Structures are given as C-alpha cells and as structure tokens.
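The values are calculated or read from the model by the stated rules, or taken from the named source; none is laboratory data. Fair warning: this is a prediction, and the values are worked out from it, not measured in the lab. Cβ placement follows ideal geometry from the backbone for every residue including glycine, while neighbour counts extend to all protein chains displayed. What goes into the accessible areas is simple: the full protein's heavy atoms, side chains included, and nothing from ligands, DNA or RNA. Shrake-Rupley method; radii C 1.70, N 1.55, O 1.52, S 1.80 Å.
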Amino acid sequence: MSYVPDNPLIAQSDHTLLLETQSPRFEEARDALLAFAELIKSPEYIHTWRITSLSLWNAAAAGHSADEVIDTLKRFAKYPVPESLLPTIREKMARYGRLRLVRDGEFLRLEADDAADLAEIRAAKQLRDLFADDLGDPYAVRVLARKRGELKQVLTAFGHPVQDLAGYDDGDALAMSLVERTPDGKRWHLRDYQLDAIDAFQAGPGAGSGVVVLPCGAGKTMVGIGAMVRLGMRTLILCTGQIALQQWKREILERTSLTEDQVGEYTAETKQIAAVTLTTYQILTWRPNKLAPPVHFRLFHEASWGLVIYDEVHLLPAPIFRESAYLQARRRLGLTATLVREDGNEGDVFALIGPKRFDMPWKRLEEQGWIATAKCVEVRVPLSTEDRMAAVSADATEKYRIASRNARKGAVLEKLLARHADQQILVLGTYLDHLEFLARRFDMPIISGDTPAADRRALYQRFRSGELRVLAMSKVGNFSVDLPNASVAIQVSGSWGSRQEEAQRLGRILRPKEGQNQAWFYTLVTADSVEQEYAERRQLFLAEQGYPYRIEAAD
Amino acid sequence: MRVVSVLEVADETAWSELEALVPLQDHVVDVLDARRRIVGPRFERDLLPQLQGRVLVRYARRSADQVEQARVHLGEEVAALRFDFRKVLFAAQRHALEDVVVGRQAWDPEHDAQAVRALCAADLMTALADDAEPYEGRYQLHPDLPDPPAIAYDFADAVMDETDDLAEPKTGPVALLHDMASLAATLERPRVRMTHDRTVTKADSKRLGKRLAAKDLSDGASLESHPRWGRALRGLEALHMISLDAASRELHLDLGLEATLAGETEDACDRLVHRLVDRDLHVVVPAVRAALRQAGKGAVDEMVFLELLRDQHRDVIFPAWLRQGARVYPSLIGDDHKDYDEDAFDEIEAKMVRAVLGRMVAFGLIRRAPGVFAGTVDGRRWAKAGAGPHPPIWVSGDLEIIVPPDSITPWERFQIERLGPCLQRDVVDRYRLEREGLVTWLSTHDVSEALSVLSRRCPGLPRAVTETLEAWAGSAQRVVLTRGVLIEQDA
C-alpha cells in the first residue's frame, strides 16, 4: 500500500474523511474539503468529515464537478482512496442539475436531461398530485407553482435534487443602508468573511436562497443584516425566541439606517407588521388547540416579503418547514452554526431553504481573532461524607439530584469568582433551587423562566454595560443571548447529555474579547458520581468540537 | 508465606459505605493497615455479589520493574557461569519451546551432564517429573532468563536476485496476528459461550460482531465460518490460546497470549512461526530468518544456503554427541548411533531445512522456486529486511483512537482492543476508549500501563485522555479486592 506521510487525508470506504491536523498540508486540505464535505467533529489530531448526498449536491450547486472532488481526494490522500468511493461521488453529483425547475407562465416546468429520470418521477405515487398536466414531452412536465417547495422536498428525499431556476418574486422595495458608526460612536463595517458570505448567498445559479454556516460568535446576525440591506426589500426575520428577537432588533437599529417605525415585532405581546418584521418560531407555530392550524402562518403571506431570514435554521420546527414549502418564490436565507440537525432533517433544509452557500472553519476565525479561544475546565467536587452516605442507598434519580446540588460546589464557585475577579461571569444552572441558593449566597441577580421579559432586558443591559459583573441564568440563558463581554461561564449543573445545550452555553462566551481574546468555560461536577458519568458525554462533545478540556480537582 | 485476598480502599471513608451495604466486619480476617484488610474466602461468595460494581477484583502480579530486576539478576548469574556451562544453557534456550527443552535435542547427556547439574543447582532450569532418562528428558527453563545471544550467520554468498519463477505469495501471518489479537481481546469481555457443537452461540457472535465492527457477524453470520474472524479463531485454537470451561462452556483466554504477542511485530511473528513449525524443526527457523534478512529485497540460493549453514553452525540443529571418540547424532537409548558427517547432513538436516521452507511457504513468509527462496512482504518484515515507515496513531480528547495500517504491533492492538470497542475497520481502524474496557484492564494491569500503551505510538497524548483514564481508574479503584497476594505467614 502506498503511503504518503505528508498528506493529511484518509478516505474511508464509508464516505468519512479523516484529516490529520499535524500535516503540513492540513489547512490547504481543510479549505478544499469545505466545498463538498460536512465537518462532523474536530478534536486535536484528526478531524472527521463526511461526504453525503447533500454535501455533494451542495458542492454541485456551488459549481464544483465530480472530477474536482475526486482530484481533491487523491491530491491530499495519505493512503489510496477506496475505489468504491469514486463511482458514488460521480453518480451523486451527476444527479444535481439533471432536474431543473423553471418558469412556465403561471406554472413551473420540471425539465430533465434524461427522459428515464422523468419517467421514474411520473410513476411515483407521492408526486402525482404535484404535477399540473403532462405536456406530452418526455423531457418536461408542468408543475403547480404552489407545489414548488413540496416537489423539491419529495424529490430530494427520493435522491433527485432539483436545481431551482424559477427565480423569485421581488418583494416591496425598502431603501436602507448600513451606517458607518454605531450609536455609541464606534466605527464598524462588515468583516471580510461576512461580506464573502453575503456575496456567496447572492451569486451563482439559484442565488437568493441558501444557508450560511458560521460558528457561534462569528456574527451571523451581521450577515443577515448585510444581505437584507444589499437586497433592499421588505424582510421577515424568524428568530429562536424573544431575547434573540430583541437582539436582532437592536442590531438592525444600530447598524442600519432603518428607524424604529420600520422595524416591527410580531410576538405574543405585539403584532406589528413593518417593513422589516421580526418574529419567533414559537409564535408562528402557536395554535389554539391541537387540531387547529397555526394561526400566525398568515404572517408569511400578509406582506410582500422580498427576503425571509431563518435564524438558527438547524432548530427550525417542522411546521415552519411545511409552511416554507409555500414560500419558494421568496428569497430565503438560513443562518446556522451547523447543518447537522438533531432530527436528521438536513434534507428539508436543503430542499426548502436552499443549498449551503458559505461555510468557514471556526479555527480560522479563532486564529484571526474574530472569535475568542475557549479554555474548558471541569472541576471535580467531592461530596461531603454526609451526602456520600445518603447517596449510597439512593436510587438513580436521587443520586443525580444529590450530585447536582452538591453543597461543596458553592465553595468552588467562590474560588472561581475570585480567580476571575476582573472579568464578567455567567453562572449557569439547571436546578433552579440550587441556582437560587447560590445566587443568594453570592448576591448575584438571577434570570429564570419566571423573570418577566422587561426585567430580563434590564438585567442583560446592566450586564452589557458592565454594571453587573456576575449574572446567574437558568436554561433560559442557553439560546441566542448576546452578552459579548462575558468571558467566563461557570456551569453548576446541567442536563449534560444535550449537545445543543453545551454548544449554546459555550457560544455565550465566544464573542471576541479585548486583550487576550480568551474565554473560560468551567463545569462543576461531583466527583465519583453519576453526574461525573453524564459529564463525560459533555467532554466528548467539547473534544469533538475541538475545545480541549482539562479536569481539575476542587482542592 | 501464604496467599490471601486483600480488600483495599482509596480513602478510609469507603469502609463505612461498605458497612452500610454489607456486614463486612464478619469477613475481615486481619487488618493490615488503615486502608487494607485481609478478607476470608467467603467474602467473594457471600458479599461480592451484593457489592457488584463497587469493588474491582484484581489479580496480584509482578510489576514490569520486578520482572526486569529478575532478568538482570539472572543475567548476572548467567554471566558468572563457566563458559562451557553457559554454552549448554544457550543451546537449551535455543531448543526450548515455551521454556521447555528436551535434553537429548539440546546437549550431550554424557559429556554435558555436569553442566546440566550445575544449571539445575543454580535454579536456572529444573528437571520435570517425567524425566525418565538422566539428562535426556524435559527440563523447564527459568522464565526470567534473558535471551541467549544471537547466532552470527553469514549467508552473503547465498544471496542472489529474485527469479521470475518464484511462486505467488500466500497470505502472510501479520494480518492473522492482528486479527487474533483483536478477537482475543474481544473474547475477554463479554464472556463468550460455546454450544455443545463447539460453535459460538449466535447471540455471542452478534455481540462479538458489534465489538469487532464486523457487520456481517453482528447481523447473525456464524463466527466459525466467517472468512476473517473464523480464521483468527482457528489460529487461537491452534496455538491453544483459548480454552473452554467444561462447566460454564465459556471461552477463556490463555495467559500466555500476551507473551506470544509481546514485542515488535517481527517478534510476535517469530514466536508464531516457532509455535507453528514442528517441534523438532523450529531450531532451523533462525537460520532462514537470517538468510532472508541478508537477502533484503533479493532471493537466497537454497544449495549455497545449506552448505553455509552446515559449515557455520550445524550444531545449532543437532548437538553432536561424542561416543567412543566419534561424533554421532543424538539417539534414544538402544538405537544405533549415526555418524555426524557431511553425507548425513544432506540426509537429515538438509531435509529438515527443506521441510521448514515448505512450512514457511504455507505461512506466507517465503516464496519458492526450484533451488531458490525469497521473502514475501510479511517474510521480509519478519526477517527485519523490509519494514516501511510506521505512521503514528492518534488518540483524541474525544477518546477515539485512529489506527493506521502498520502503525501498531499485534500486542498493542490486543491492548487497545481491550480498552474499548472497534468502531470501524477500514483504511484506518477507529476505536473508542470506554470505562468498562479500562475497568477490565485494571483487573490485570495499572492505568499507567494503559497510558503507556497509548502514548507509545501517539505523538502527544492529550491531557484530557490522561485525566479521563486516571479519573475512571480512580473511581473504579475506590475499593479493590486483590486475589492471590503473597504475605508473610505472621502478617
């Protein structure tokens, strides 16, 4: 077997690609892989990527050929590329573009290069209702315009991706521009990679719909705002929650020429529909009873939106997918840190939001100082003898409860608060009574699900301004809370199995920092307990994401 | 001295936890110190099942340092022996298989009797009970004896270019050794049961398939008829590396497996060859190995090789006995003596060498044509004539181990597979370290040895891995029961 030690890539026959980070050609190969493979995990020495149908279709959508992909694999391969891999790549990539959706008056027309493809599709039961009429043409069939999304979704699931060239309805024009200075007088501009992402979203065949992938803290909101401004059309922005919505609104008002009255909120409390309207997934999917349809879906159709932005598109709920099938004539931008969905519905993102338009390795952003480097430390805290004796005969649930609320965590927290006396700290917990106990002990304000929105906003503002140094947060703090000056997070308890919770909590402290650009992420775990076992899953996740972690004893 | 079981806790608070669960005090025979107590034999039967998962059961064994010290000590003793006694010892070691030597094959029972007596008196070897004839029967060599010096063969004159008519190579032993190592490690946990037809039960085959990352096995294929793993199983059986417990019908690993796999790939391969060739032929093996090493990428002229062997070290195969002033071949009492001359060499040793070469073709170590032999890829590796660069393995903070081809020895594979299941066997193999694997490992080894196995080939073991394994070991070893501890009688 020929072996090229300096090359970094190992292609496995199950379509995973392993990339050696110590190789002198690592960065070159990593950048090349971005085009046609998905990064699965990135621990110290070997990063794992995977070639999937979707990743190959994304590559084809971006204009890459199968020969280019195969050449890249061979050029960087440390061992011969398994022969079985190559025909699969050719076959999958050849599928993209074989079916095209184009305008045909008030209808759409599905065109095929190969009559056999279309014959197969015509024969499929699931697709019959989607066609308007048979044109008698073996290479084309007429499609109802309102079925555009559904057709793409079903065909993607069938393994026949459709190149959507039917174009978009322009929304109402909206004059707006980016401002050069924020209200506090700071000069700002879009970063180069953010501009590249906007360019990629708006370039090439089918441009105007797709997904931009950037890590937490890299400024996805700015990409969304940049794309919106460049298009200059009415925009609907879907956010993960109320706090995220407020952050979007604040950023839009601070970074663009738009005024308060041009930026509306469509939430449980307010139902404003403005030139730019912000709403949440929760309100859109709300329904008065289980059998009723979501009443707020009408928002999608009540205005002439030129662009719909889906924030954290990997969290998009299924009902919104379904409704997005009817929005295919609108431009759509998905923003996410990962294309991997816990529910495995990546294909729906591809079909209904669009192919991946831009991706960037987080390590490069970290090297360039655009996101902070994070040091992850797990502190093992022993139980008191009393608690240990109580845990000996307790059942599993009780053992976990005892471990999570370990009284000795308070002393460790005290030391950590002192260790980072000059930094702003978030204390994160899952068990509210324990978190409240700690909040009382260390006199820190706490944000939980019960905290009214106005109070939350006020506390966030005090934290952002530096007035508050330490803020305790329950699970409500997991998502899309922008607290750029937090450089230390201390988890006192958690549902450690959740990868999403871990990523989001870590994401809170990755915004670039002044000076050393360094963040600390502590987790307090009871030693020799069931909590320690759960925490190991968390360690795996951190290691997979490329964040080295350390284990420290509390003493 | 007496052998006892010792219960040891990492911190004294663990005693009260144990007392809260079982009547420990009833089973304590003696207290050694604050953290160690000798427990009676009923502890394992009566209490251990109730403490499942809380007590790690270990087997007392010598540390690597103790083994090395013993070797050094014996080496000094050997160096102090008379030259002719030492020569007899080395001959015995070269003829021995698994530390057992047949006297008549290694020395002259008449003329070397004094040396044999001296070696026995020095405890360097022991006559086994069934030794019917004085100095001719079986002797057990001390297991800590250092290896004898290598014999200096010079086969340069036999080296030639490869010829076109060399036969196609057969499958070599290196892959088999790795597969045997993988299967053996997998058989260790969970225990595998055999049916009365001496086949592995289907449920166990499936479990093995999962740990081996062999999809067809986990889908229900039979282990015995599996082309790869069935062969590995037969290999283990042929080498008596596994045994069947007649009562439980569970397969057990032979403790000698680790010794067979130890060292570099070439060493393991060499031990395998020695065990597979006929008992009386294995002394020829080093000569063939030396010839292949000197041939490098070339071939060996068989006739010249035989002549050189005869002229240089004929006595390595058979010691010449002196009877009535003449050199004769070893023989059983009552048999006629055969002269130890050139004609006899062609008739006896040359045939043995050719038989060995034939076996080596079957093992995939050499290729043969009339009058010529050359090493295969594995053969050259075994002879240390063709080893390529060894890539590193990678151990990541997510506890995954990536093992490229030719990066580890069979012994290392055995250890890695004990520490966690295989996730994928492909261009490179992927493993994941797991707590259960380490706990099983701790029953015979220390965590530092596990870290040493990993760091040996990995360019930089992440601190997270070290800390995780140490944390696992710390939890698992909070309460340890060590079996077979030797203590002074009055302790």
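Worth a mention:
- Mean separation of Cα contacts under 8 Å (6+ apart) over length of the stretch B:72-171, as relative contact order %: 27
- Amide H contacts for A:Leu383 (H built 1.01 Å from N in the peptide plane; partners 5 or more residues away or on another chain; cut-off under 5 Å): A:Ala527.
- Subset of A:Lys220/A:Lys356; A:Lys125/A:Lys152; A:Lys186/A:Lys513; A:Lys249/A:Lys271; A:Lys220/A:Lys271 violating a 19 Å alpha-carbon distance limit: A:Lys220/A:Lys271
- Taking amide hydrogens as placed 1.01 Å from N in the peptide plane, the amide H of A:Ala486 sits under 5 Å from that of no residue at least 5 positions away in sequence or on another chain.
- Within chain A, antiparallel bridges make up roughly 30 percent of the DSSP beta bridges whose residues both belong there.
- Size descriptor, Kirkwood hydrodynamic radius, that averages inverse alpha-carbon separations across chain A, Å: 25.4
- Antiparallel DSSP beta bridges within the protein assembly as shown, percent to nearest 5: 55
- Spin-label pair A:Arg250-B:Asp26: with each label point 7 Å from Cα along the Cα-Cβ axis, the two points sit 6.7 nm from one another.
- Short-range pairs are left out: with C-alpha atoms under 8 Å and at least six residues apart, the relative contact order of chain B is 22 percent.
- For the stretch A:366-553, the residue among A:Val377, A:Gly429, A:Pro445 whose Cα projects farthest onto the positive side of the dipole built from Cβ charges is A:Pro445.
- With the charge dipole of chain B set up from +1 on Lys and Arg Cβ and -1 on Asp and Glu Cβ about the Cα centre, the Cα lying farthest toward the positive end among the listed residues B:Gly103, B:Val174, B:Pro49 is that of B:Pro49.
- Bridge type composition, the stretch A:192-360 - antiparallel percent by DSSP, nearest 5: 5
- For the segment A:230-240, counting C-beta atoms of other chains within 10 Å of every residue's C-beta and taking the mean gives 0.
- Per-residue 3J(HN,Hα) values for the stretch A:422-436, derived from phi via the Karplus relation 6.51 cos²θ - 1.76 cosθ + 1.60 with θ = phi - 60°, read 9, 10, 8, 10, 9, 10, 10, x, 9, 7, 4, 5, 5, 5, 5 Hz in sequence order (x marks Gly and Pro).
- Taking trypsin sites (Lys or Arg not before Pro) across the stretch A:237-322, the ones in a DSSP loop with at most 11 further Cβ atoms lying within 10 angstrom of their Cβ are A:Lys290.
- In plain terms, chain A is cut at each of the GluC sites (Glu not before Pro) found in a DSSP loop with at most 15 other Cβ atoms within 10 Å, and the longest leftover piece is A:343-466.
- Counting all C-alpha pairs of the stretch B:1-84, share separated by more than 23 Å (%): 41
- Under a model in which nothing but the beta-carbon of Lys, Arg (+1) and Asp, Glu (-1) is charged, chain B shows a dipole of about 1680 debye around its Cα centre.
- Checking every one of the trypsin sites (Lys or Arg not before Pro) in the stretch A:98-198 against DSSP loop status and a limit of 11 other Cβ atoms within 10 Å picks out A:Lys186.
- Expressed as a whole percent, the accessible surface of chain A that belongs to carbon and sulfur atoms is 50, based on a 1.4 Å probe.
- A simple rule links phi to the HN-Hα coupling: the Karplus curve 6.51 cos²θ - 1.76 cosθ + 1.60 with θ = phi - 60°, which for the stretch A:319-336 gives x, 6, 4, 4, 6, 5, 4, 8, 10, 6, 8, 9, 5, 9, 10, x, 10, 7 Hz, with x for Gly and Pro.
- Relative contact order of chain A, pairs being alpha-carbon contacts under 8 Å that are 6 or more residues apart, as %: 13
- The count of lysine pairs in chain B that are at least 8 places apart or cross chains, and whose C-alpha atoms lie under 20 Å apart, stands at 7.
- Helices in the protein assembly as shown, meaning DSSP H runs of at least 4 residues, each add -39500 (n - 2.57). Divided by all residues, the mean residue ellipticity at 222 nm is -11000 deg cm²/dmol.
- A 1.4 Å probe run over the protein assembly as shown, with the rest of the protein chains in place, finds 42 Å² accessible per residue.
- Couplings 3J(HN,Hα) for the stretch B:246-263, derived from phi with the Karplus relation 6.51 cos²θ - 1.76 cosθ + 1.60 (θ = phi - 60°), are 4, 6, 8, 6, 9, 7, 10, 7, 6, 5, x, 4, 4, 5, 5, 7, 4, x Hz, where x marks Gly and Pro.
- Cα-based helix-to-principal-axis angle, A:409-419 vs chain A, degrees rounded to 10: 80
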